[in-house]
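The values are calculated or read from the model by the stated rules, or taken from the named source; none is laboratory data. Source: prediction; values computed, not measured. Note: ideal-geometry Cβ built from the backbone for every residue, glycine included; neighbour counts use all protein chains shown. With ligands, DNA and RNA removed, areas are computed over all heavy atoms of the protein, side chains included. Shrake-Rupley method; radii C 1.70, N 1.55, O 1.52, S 1.80 Å.
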Amino acid sequence: MIKRQTTISRIFKLNGIGLHTGKEVNMEFLPRREFGIAFNLNGILIPARYDMVRDTRLSTQIGDNGASIATIEHLMAAFYFAGITNCLVYIDGPEIPIMDGSAWEFYHAMWRAGIYEFPEEKVYLKVLKPVEVKHNDSWIRIKPLNTLDITMTIDFRPPVGVQKKRVMDVENASSIINSRTFGFIEELEAIQKAGLAKGASLDNAIAIGEDSIVNPQGLRYSKELVNHKILDLIGDLYTSGYRVLGKVEANKTGHFLNNMLLKEVFSSEENYKLY
């Protein structure tokens with residue numbers, strides 16, 4: 001577990017296409033003294049915080065002063081796994097590049113850049129009371145615990161079905177970092193008509209057909225799909241601004257409920273402690 005605020009040791013750049021826009025995006029990562037992760041789009045600073053979330057359809061989108069950045073969840077998860085608390089990201093487009101559909105390339109770029117540690121502490125949010133949010137048959141709850149322990153259940157039509165995964169040592173879960181986003185072939189046309197998933201391909205997403213996985217190389221892990229939902233959740237939880245400590249149980253959750261959980265936690269100072 002990290003004990004103090006950190007940032008990257010040197011500047012680095014990454015680029016790729018946006019999953020939903022299909023457009024090339026360039027990013028430059030800079031060390032940051034101020035606490036937190038933030039993005040700079042055309043001179044507008046947008047903190048990567050739960051209270052800046054503007055849209056949760058198929059991704060987590062943050063925005064401020066008329067500017068917005070979508071699909072931040074994989075990058076936020078990479079910051080979490082790399083142990084980075086402070087960073088400024090200059091970006092020239094409205095969406096984080098999808099890369100290979102996981103957080104792996106982001107994570108390794110941070111690892112290569114190295115970490116600089118500051119004297120300041122207060123990087124953890126410890127949950128003190130049970131908190132739960134629901135929507136129809138989907139729900140997510142968090143209970144007090146001295147580490148981050150996640151149990152995720154997903155339920156989709158075959159060939160996916162019900163998948164359940166528990167991760168107790170989240171900070172060292174490489175299979176989570178390397179698990180890709182996914183979608184169903186029959187839903188792609190409707191999603192693209194809505195102006196989304198224009199950059200989706202077999203290079204950056206798992207495509208689920210009528211009765212099998214379409215990607216020629218198949219899955220990286222037998223539970224890659226539920227792994228990726230855990231990745232999304234970790235990225236969304238990191239928009240709290242802190243490394244959350246608690247026992248999380250989630251059933252068919254998504255970006256909307258993940259964000260609602262944080263809003264509920266922060267709704268009362270009796271629910272959490274920062275240290």
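Remark: the Cα gyration tensor places region 119-177 in the oblate category, a/c being 1.5 or greater and a/b not exceeding b/c. Listed peptides 232-243, 176-187, 251-262, 211-222 appear in the order 232-243, 251-262, 176-187, 211-222 once ranked by packing, highest mean of other Cβ atoms within 10 Å at the front.
For K229, the aspartates and glutamates whose Cα falls under 15 Å of its own Cα, not counting residues fewer than eight places away in the same chain, are E73, D149, D155, E249.
In a DSSP loop and with at most 16 other Cβ atoms within 10 Å, the trypsin sites (Lys or Arg not before Pro) in region 45-97 are R57. In sequence order, region 162-169 has phi-based couplings of 8, 10, 10, 8, 10, 10, 9, 10 Hz under the Karplus curve 6.51 cos²θ - 1.76 cosθ + 1.60, θ = phi - 60°, and Gly or Pro positions carry x.
If you build a Gaussian network model of the chain, linking Cα atoms that sit under 10 Å apart, which residue out of A82, A190, A109 swings the most? Among A82, A190, A109, the largest GNM mean-square fluctuation belongs to A190.
Shown for region 42-126: the carbon plus sulfur share of the solvent-accessible area, taken with all protein chains present and a 1.4 angstrom probe, equals 49%.
When only DSSP loop residues count, what GluC sites (Glu not before Pro) in region 202-275 have their Cβ near at most 12 other Cβ atoms within 10 Å?
Passing both the DSSP loop test and the Cβ count: E210.
Is the shape of region 18-152 best called rounded, prolate or oblate, per the rule: a/c under 1.5 gives rounded, else a/b larger than b/c gives prolate, else oblate, with a ≥ b ≥ c the square roots of the Cα gyration tensor eigenvalues? Could you put the intermediate results ahead of the total?
Numbers: a/c = 1.62, a/b = 1.19, b/c = 1.36.
Judged from the Cα gyration tensor, region 18-152 comes out oblate (a/c at least 1.5, b/c at or above a/b).
Express as a percent, rounded to the nearest 5, the fraction of DSSP beta bridges in the chain (both residues included) that run antiparallel. Approximately 70 percent, going by the DSSP bridge assignments.
Could you tell me the distance between the Cα centroids of region 114-131 and region 169-237, to the nearest Å? Computed from Cα coordinates, the inter-centre distance equals 29 Å.
Among 11-18, 66-73, sorting by the average number of other beta carbon atoms lying within 10 angstrom of each residue, highest first, gives 66-73, 11-18.
Could you do me a favour and compute the accessible area per residue for the chain, 1.4 Å probe, result in Å²? Before the final figure, lay out the partial values.
Working: 12490 Å² over 275 residues.
Dividing the accessible area of the chain by its residue count gives 45 Å².
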